[in-house]
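The values are calculated or read from the model by the stated rules, or taken from the named source; none is laboratory data. Everything numeric in this text was worked out from a predicted model, so none of it was measured. Counting neighbours? That spans all protein chains shown, and the Cβs are built from the backbone with ideal geometry, glycine included.
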Amino acid sequence: MEFMDITEYIQLVFTDYTLRTITLGTAILGAVTGMLGSFAVLRKQSLLGDAISHAALPGIAIAFLITGAKDSNTLLLGALVSGLIGTFWIRGIVTKTHLKSDTALGLILSLFFGFGMLLLTFIQKQPNANQAGLDKYLFGQAATLVESDVWIMAIVTGVCLLVMLLFWKEFKILLFDEDYTKTLGFNTKFIDILITTFIVLAIVLGLQTVGVVLMSAMLLAPAAAARQWTNSLGVMVFLAAIFGALSGVFGTAISASQNNLSTGPVIVLVASVFVVVSFIFSPSRGILFKHIRFVQNRNDLQLHKTLAFMYHIAETHEDISHPHTIKILNNFRGYTRSSLKKLEDKGYIIIKGNMWSLTDHGFETASNLYNQQHRTDE
Amino acid sequence: MSKIAVKVDDLTVAYNYKPVLWDIDLEIPEGVLMAIVGPNGAGKSTLIKSILGILKPIAGSVSIYGKPYDKQRPLVAYVPQKGSVDWDFPTTALDVVMMGTYGSLGWIKRPGQKEKKAALEALEKVGMLAFKGRQISQLSGGQQQRIFLARALVQNASIYFMDEPFQGVDASTEIAIINILKSLRKAGKTVIVVHHDLQTVPEYFDWVTFLNVKKIATGPVRDIFNDDNLTKTYGINYKVSIQE
């Protein structure tokens with residue numbers, strides 16, 4: 001977008017009803033899914049969101065078949081019910097059988113999604129003019145958001161925030177150490193159901209905008225990105241909410257400026273950009289800085305090895321600054337012209353012609369190098 | 001020995017029809033430092049977990065000082081195996097130790113200055129005060145174990161259950177931990193430890209329980225820690241020389 005376009009666009013967000021509704025809706029949705037997604041990611045239940053959103057599809061179809069209504073509230077109520085049923089079946093399978101949770105998730109996901117698709121094709125074959133448009137829940141259609149949808153999203157997000165602040169300590173300890181939480185006398189089942197219910201609610205709210213297929217990315221991407229930047233749970237949840245909201249705002253902007261792009265997938269792609277940038281550029285966990293630190297450490301070690309070698313030679317002389325020929329270092333292959341230059345820059349050695357001599361500072365540093373080595377070995 | 005701190009009656013636990021613990025009766029007197037020993041798969045961790053209500057037994061009951069465990073929770077602290085949690089969780093050492101205060105706080109109430117002070121004291125006791133702000137993934141295995149121990153110390157309980165606290169820690173941490181356990185016993189607390197290293201049993205503990213699905217024997221180390229019980233428990237002709 002050109003500069004002019006951006007200011008025009010921002011003006012449009014505040015004046016155009018549809019654009020304002022969609023922007024607000026996707027921002028709130030991104031914030032609440034980012035927040036709750038942090039919990040899902042830390043519980044290693046990343047796939048739970050995927051299973052829940054797919055499990056919601058038959059609920060939408062059945063709600064339509066029973067009521068014949070097509071307003072989002074009725075259909076999403078159906079989605080909520082079948083999403084919850086799917087979730088409790090997953091829990092049931094894990095506790096009652098000895099299948100692992102990834103198997104249970106995959107099973108419920110494909111079973112419910114298959115059934116949902118079956119119902120959708122059945123509905124489409126019916127001679128009812130009203131049936132068109134149910135398939136928008138597959139990939140979402142943000143353009144259908146109306147003000148009341150945004151209000152519902154805002155209310156659910158508010159309640160979710162309140163509950164999270166209230167039970168913050170309980171959520172945190174359950175996420176970290178469930179067995180220990182039990183021994184302290186907390187009802188872990190209650191905390192678990194509380195978290196899961198909110199995750200289901202957030203997913204159902206997002207179906208209209210992002211759709212069944214891509215919904216889990218809204219849960220995971222902001223949380224995965226946020227984890228890279230912080231070592232505090234509170235900051236992580238906060239950042240995930242911000243990343244989610246920004247994905248919503250930017251995703252809407254990009255899709256609005258390019259007429260044919262559907263909003264849901266663009267939002268998910270923007271969220272993925274946050275993930276990629278975070279994976280690369282995070283100072284403590286990012287790939288880039290990890291590599292830079294690795295190279296730095298390797299270079300430092302090389303310098304220290306050269307210095308240590310010089311120290312051993314100088315040690316045998318009364319005068320530690322006695323000059324030696326550079327050739328003597330040929331026995332030790334770890335030096336280069338540039339590493340000698342670096343040692344000189346640091347004031348460890350002095351180079352005159354093809355002779356080097358250790359400075360007092362260099363001698364001291366080298367002997368400390370050894371002491372430190374010994375200390376960390378202990 | 002005076003009072004009975006922990007009493008287990010007819011405890012039976014099964015995974016998938018296969019009994020893991022079979023009809024365990026156990027009385028642990030107050031003030032002992034007890035090791036639970038037995039081969040892999042003997043049900044040592046399972047015993048602790050079912051006493052603490054983490055696992056549901058098929059049958060049996062547990063009482064703490066004569067009352068059901070549910071009513072006596074504040075008297076009991078648990079140190080899980082350090083491998084049972086994800087240490088990449090975004091939190092600090094101090095924060096983990098603070099979790100030990102959550103039980104007495106109850107629902108919703110947040111830890112305050114008093115709880116923070118207690119947590120700092122516990123960190124000091126395990127020699128980890130300097131690491132209070134450290135992200136937990138950057139702690140060594142021994143340091144993580146000390147953090148778990150500190151978290152239990154904060155609970156200020158009467159009975160401590162510990163699941164392999166010496167697993168994967170170096171010699172200096174092992175000594176530090178056993179010194180803390182001995183000082184707990186000196187203070188009249190009861191400490192129950194799942195333990196693997198038979199060599200150190202006579203040196204560290206005064207009470208021992210041999211377990212292999214069934215309870216083989218329980219009592220003072222000097223009376224029952226002998227080749228006979230070891231052979232019964234481990235199924236091979238086990239010889240240890242116990243210093244007289």
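Scanning the range A:37-46 finds no residues that are out of contact with any strand residue (DSSP E or B) (no Cβ under 7 Å at 6 or more places or on another chain), more than 14 Å from chain B (Cβ to nearest Cβ) and among the charged types (D, E, K, R). Within the set B:84, B:50, the sole residue that is surrounded by fewer than 18 Cβ atoms within 10 Å (Cβ to Cβ) and either at pLDDT 95 or above or among the polar types (S, T, N, Q) (or both) turns out to be B:84.
Only one of the listed residues (B:35, B:5) is in a strand (DSSP E or B), more than 14 Å from chain A (Cβ to nearest Cβ), within 13 Å of the chain's Cα centre (by Cα) and not polar (S, T, N, Q). That residue is B:35.
So that you can scan it fast, the table gives a plain yes or no per residue for (1) among the polar types (S, T, N, Q); (2) buried (at least 21 other Cβ atoms within 10 Å of the Cβ); (3) under 30 Å from residue B:91 (Cα atoms):
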{"position": "A:133", "(1), (2), (3)": "no, no, no"}
{"position": "A:168", "(1), (2), (3)": "no, no, yes"}
{"position": "A:173", "(1), (2), (3)": "no, yes, yes"}
{"position": "A:197", "(1), (2), (3)": "yes, no, yes"}
{"position": "A:203", "(1), (2), (3)": "no, yes, yes"}
{"position": "A:216", "(1), (2), (3)": "yes, yes, yes"}
{"position": "A:224", "(1), (2), (3)": "no, yes, yes"}
{"position": "A:247", "(1), (2), (3)": "yes, yes, yes"}
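Taking the range B:1-29 as the range and being surrounded by 15 or more Cβ atoms within 10 Å (Cβ to Cβ), touching a Leu at 6+ places or on another chain (Cβ under 8 Å) and not aliphatic (A, V, I, L, M) as the test, the residues that pass are B:7, B:12. Could you check, for the range B:105-123, whether at least one of its residues is at the interface with another protein chain (Cβ under 8 Å from one of its Cβ atoms), modelled with pLDDT under 95, in a helix (DSSP H, G or I) and under 23 Å from residue B:193 (Cα atoms)? No: the range B:105-123 contains no residue that is at the interface with another protein chain (Cβ under 8 Å from one of its Cβ atoms), modelled with pLDDT under 95, in a helix (DSSP H, G or I) and under 23 Å from residue B:193 (Cα atoms). Kindly check whether there is at least one residue in the range B:93-103 that is more than 13 Å from every other protein chain (Cβ to nearest Cβ) and touching a Lys or Arg at 6+ places or on another chain (Cβ under 9 Å). No: zero hits. Scan the range B:168-216 for residues that are acidic (Asp, Glu), surrounded by fewer than 15 Cβ atoms within 10 Å (Cβ to Cβ) and not in a helix (DSSP H, G or I) and the total you get is 2.
Across the range A:352-370, the number of residues qualifying as without any contact (Cβ under 8 Å) to a residue 24 or more places away in the chain and within 15 Å of residue A:304 (Cα to Cα) comes to 3.
Among the criteria (1) more than 48 Å from the chain's Cα centre (by Cα); (2) of a type in the set (Gly, Ala, Ser); (3) assigned to a helix (DSSP H, G or I), the one residue A:338 does not fulfil is (1).
Checking the conditions here, which among A:192, A:179 is touching a Pro at 6+ places or on another chain (Cβ under 6 Å), within 28 Å of residue A:235 (Cβ to Cβ) and at pLDDT 90 or above? Result: A:179 is the single residue among A:192, A:179 that is touching a Pro at 6+ places or on another chain (Cβ under 6 Å), within 28 Å of residue A:235 (Cβ to Cβ) and at pLDDT 90 or above.
Give me a count of the residues in the range B:124-137 that are under 22 Å from the mean Cα position of the chain (by Cα) and at the interface with another protein chain (Cβ under 9 Å from one of its Cβ atoms).
Residues of the range B:124-137 that are under 22 Å from the mean Cα position of the chain (by Cα), as a first pass: B:124-128, B:136.
Pick out the ones that are also at the interface with another protein chain (Cβ under 9 Å from one of its Cβ atoms) and you get B:136.
Residues that pass the stated criteria total 1.
Can we say residue A:31 is at pLDDT 95 or above and in a helix (DSSP H, G or I)? For residue A:31, the condition - at pLDDT 95 or above and in a helix (DSSP H, G or I) - is met.
Within the option set A:70, A:44, being in contact with a Leu (Cβ under 8 Å, 6 or more places away or on another chain) and basic (Lys, Arg) holds for one residue only, A:70. Look through the range A:219-273, keep the residues that are of a type outside the set (Ser, Thr, Tyr), over 30 Å from residue B:138 (Cα atoms) and not in a helix (DSSP H, G or I), and return whichever of them is nearest to the other protein chains (Cβ to nearest Cβ). Here the residue is A:261. Would you confirm, using the coordinates I've provided, whether residue B:42 is within 11 Å of another protein chain (Cβ to nearest Cβ) and surrounded by 19 or more Cβ atoms within 10 Å (Cβ to Cβ)? The answer is no for residue B:42. With in contact with a helix residue (DSSP H, G or I) (Cβ under 8 Å, 6 or more places away or on another chain) and at pLDDT below 85 as the only criterion, which of A:332, A:289 stands out? So the residue among A:332, A:289 that is in contact with a helix residue (DSSP H, G or I) (Cβ under 8 Å, 6 or more places away or on another chain) and at pLDDT below 85 is A:332.
Table: residues versus (1) within 26 Å of residue B:65 (Cβ to Cβ); (2) without any contact (Cβ under 8 Å) to a residue 24 or more places away in the chain; (3) under 19 Å from the mean Cα position of the chain (by Cα).
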site: B:142; (1), (2), (3): no, no, yes
site: B:154; (1), (2), (3): yes, no, yes
site: B:158; (1), (2), (3): yes, no, yes
site: B:182; (1), (2), (3): yes, no, yes
site: B:186; (1), (2), (3): yes, yes, yes
site: B:195; (1), (2), (3): yes, no, yes
site: B:205; (1), (2), (3): yes, no, yes
site: B:210; (1), (2), (3): yes, no, yes
site: B:232; (1), (2), (3): no, yes, no
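Does any residue of the range A:64-71 turn out to be of a type in the set (Ser, Thr, Tyr), closer than 30 Å to residue B:17 by Cα, assigned by TED's automatic domain parsing to the domain that holds residue A:206 and surrounded by fewer than 24 Cβ atoms within 10 Å (Cβ to Cβ)? No, the range A:64-71 contains no residue that is of a type in the set (Ser, Thr, Tyr), closer than 30 Å to residue B:17 by Cα, assigned by TED's automatic domain parsing to the domain that holds residue A:206 and surrounded by fewer than 24 Cβ atoms within 10 Å (Cβ to Cβ).
Among residues of the range B:57-75 being touching a residue at least 40 places away in the same chain (Cβ under 8 Å) and either part of a loop (DSSP other than H, G, I, E, B) or within 10 Å of chain A (Cβ to nearest Cβ) (or both), the one that is nearest to the chain's Cα centre (by Cα) is B:74. Suppose the filter is basic (Lys, Arg) and surrounded by 18 or more Cβ atoms within 10 Å (Cβ to Cβ); does residue A:182 pass it? Yes. Per the listing B:78, B:15, the residue uniquely hydroxyl-bearing (Ser, Thr, Tyr), under 27 Å from residue B:216 (Cβ atoms) and under 18 Å from the mean Cα position of the chain (by Cα) is B:78.
Where helices (runs of 4 or more DSSP H) fall wholly inside the range A:128-213, the ranges with 1 or more residues that are within 14 Å of chain B (Cβ to nearest Cβ) and more than 28 Å from residue A:263 (Cβ to Cβ) are A:147-166, A:168-176, A:178-183, A:188-207. Answer yes or no as to whether residue A:111 is within 21 Å of residue A:200 (Cβ to Cβ) and part of a loop (DSSP other than H, G, I, E, B). Considered against the rule, which asks whether it is within 21 Å of residue A:200 (Cβ to Cβ) and part of a loop (DSSP other than H, G, I, E, B), residue A:111 comes out as no. Within the range A:268-286, at least one residue is over 30 Å from residue A:139 (Cβ atoms) and of a type in the set (S, T, N, Q). In the set B:157, B:152, only one residue is in a helix (DSSP H, G or I), surrounded by 15 or more Cβ atoms within 10 Å (Cβ to Cβ) and of a type in the set (A, V, I, L, M); that residue is B:152.
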